[in-house]
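Here the structure comes first, spelled out in structure tokens, and everything after it is commentary.
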Ligand SMILES: Cc1cc2nc3c(=O)[nH]c(=O)nc-3n(C[C@H](O)[C@H](O)[C@H](O)COP(=O)(O)OP(=O)(O)OC[C@H]3O[C@@H](n4cnc5c(N)ncnc54)[C@H](O)[C@@H]3O)c2cc1C
């Protein structure tokens, strides 16, 4: 089934414990009204005739959300991108920003794990996916651990305590008990389900940290500590205080050798989602820069046009790399999963994250010093000061002062520390993408390409049978010697 927006709103009233800015939140839909409305929009779109064909599909006579389908082709992955971009286009969504990536990443990883170890987790996953298709939950990925001392493994006695990574505290006849914390879990408060998985590899000595499972947000022992000042709960800290998870929701319980696979399998799907929504955001950044240039009367200046061209390219290259990652997937023969091309996905994420500060430099340059010194909107509302602001902060006369102030406020927001950190660290810090790209690069082929150019002997199969001279040469009769 596909939830109605009303059913989605009611589903958030499940007894979950959420704290923000020192307050225990009484009612989630009331406290986060605007964000809940935006998230509910995803369910609304899935019922509208025009967008239903993108968001919904039929399976065994039942209507289900397409997002819960196993990705089997590049076109499936691309359709997920179109869903994400449609949500961004409408400025809607949030209930399942990261969760589908964790569902697919974990489903792929536990199938590989079962084949190697003879376990049965993928059956749990199949049933869980079927439950998702039937109940249409919001779902999110709870991956990042607090980590403590980064140099040390989770179980190292030199760590200040042993709960820096979520761990499996106890196995019982009916399920497992987990304890620990996950950090920065985007839009988790707007979701229904948390897919918990490891953020890194663990050794045999740390096998209790190799745990993956699905936990409903209202489960006893789960507590959310929302991001300060956020309007939607932000990227909360989630505490797992001895949380019981029944076996049918467990996808790994101690198989430490597969811990890294769970993390990387998720990251491949997730970095594509990131590059997908970011491409739309970057279109907005390029548009804002152009608007600021018009408001400031700068569009004639070739130096400013150079900045604008770069910003448009920044958005286009991010989108092109993400599209290539979707449509040139890796097909996992063992599991039948289509996985976004790991090199293009990581390149897309690295490109947008590493260039964010460059983009802000251009945007701030075009905007001018007012982005650091603008009076408050409260002074704009105060009749004693409004007239001065109205008069002196006006730019080109086609635009009102108020619109120019809104645009400047957006430049200030985008250039903030929080947005810069988000670009760099969300979906994994820069070094993780470089690491994957380094590991995946076909160095033998790249070296062979260089050797061929240099005229050195090449034994690489892609080059070794190619002639060293052009296969066709002008006959002597064509030469005017
Ligand atoms: C806005 C936002 C949203 C997010 N959303 C989610 C989410 O929805 N779900 C989720 O699970 N996570 C989420 N994250 C978490 C994100 O994936 C992490 O922030 C990221 O992986 C970096 O981890 P960290 O913050 O602990 O920083 P660190 O890992 O401490 O990184 C800081 C620096 O230390 C380096 N470093 C770390 N360990 C080592 C080491 N052993 N050796 C050498 N160098 C090292 C890193 O490369 C980096 O340069 C989000 C983060 C942000 C900022």
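Only the coordinates and a few stated rules stand behind these numbers; no lab work does. Values in this document were obtained by computation on a predicted structure and should not be read as measured data. As a convention, Cβ positions derive from the backbone with ideal geometry for all residues, glycine included, and neighbour counts pool all protein chains shown.
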task: For the stretch 1-78, report the convex hull volume of the alpha-carbon atoms normalised per residue, in Å³, without decimals.
output: 136
task: Over every pair of different alpha-carbon atoms in the stretch 86-209, take the mean of 1/r and invert it; report that Kirkwood radius in Å.
output: 16.2
query: Summing -39500 (n - 2.57) over the DSSP H runs of n ≥ 4 in the chain and dividing by its residue number, what mean residue ellipticity at 222 nm do you reach, to the nearest 500 deg cm²/dmol?
result: -16000 deg cm²/dmol
- request: On a C-alpha basis, how far is the centre of the stretch 193-207 from the centre of the stretch 426-445 in Å? Whole number, if you could?
  value: 21
- request: Mind ranking 34-47, 96-109 by how tightly packed they are, going by the mean number of other C-beta atoms within 10 angstrom, highest first?
  value: 96-109, 34-47
message: Can you tell me what percent of all Cα-Cα pairs in the stretch 262-439 are more than 24 Å apart?
response: 47
task: Relative to the compact-globule scaling 2.2 N^0.38 Å, provide the ratio for the alpha-carbon radius of gyration of the stretch 337-481.
output: 1.93
message: Along each principal axis of its Cα atoms, how long is the stretch 354-423 end to end? Whole angstroms, biggest number first, please.
response: 43, 24, 16
- prompt: Relative contact order of the chain: what whole-number percent is it, with Cα pairs under 8 angstrom and at least 6 residues apart?
  reply: 14
query: In percent, what relative contact order does the stretch 262-439 have, based on Cα pairs under 8 Å that are 6 or more apart in sequence?
result: 28
field: Pair residue 161, residue 117: separation of 7 Å Cα→Cβ label points (nm)
entry: 2.7
- request: Once you have the Kirkwood Rh of the stretch 404-481 from its Cα pairs, apply Stokes-Einstein at 20 °C and 1.002 mPa s and quote D in µm²/s.
  value: 118
message: For the pair residue 390/residue 464, report the inter-label distance in nm, with labels modelled 7 Å from Cα in the Cβ direction.
response: 8.1
message: So if I average 1/r over every pair of distinct C-alpha atoms in the stretch 1-133 and take the inverse, what Kirkwood radius in Å does that give?
response: 16.6
task: Figure the gain on full extension for residue 260 and residue 434 (residue separation times 0.36 nm, minus the Cα-Cα span) and round it to one decimal in nm.
output: 61.0 nm
Amide N proximity, the stretch 109-139 versus residue 174 label position 7 Å along Cα-to-Cβ, cut-off under 19 Å: none
task: Would you please state the base-10 log of I(q)/I(0) at q = 0.09 1/Å for the chain, with intensities from the Debye formula using one equal scatterer on every alpha carbon?
output: -0.70
With 10 Å bins from 0: P(r) over the stretch 223-353, alpha-carbon pairs, percent: 11, 23, 27, 24, 9, 5, 1
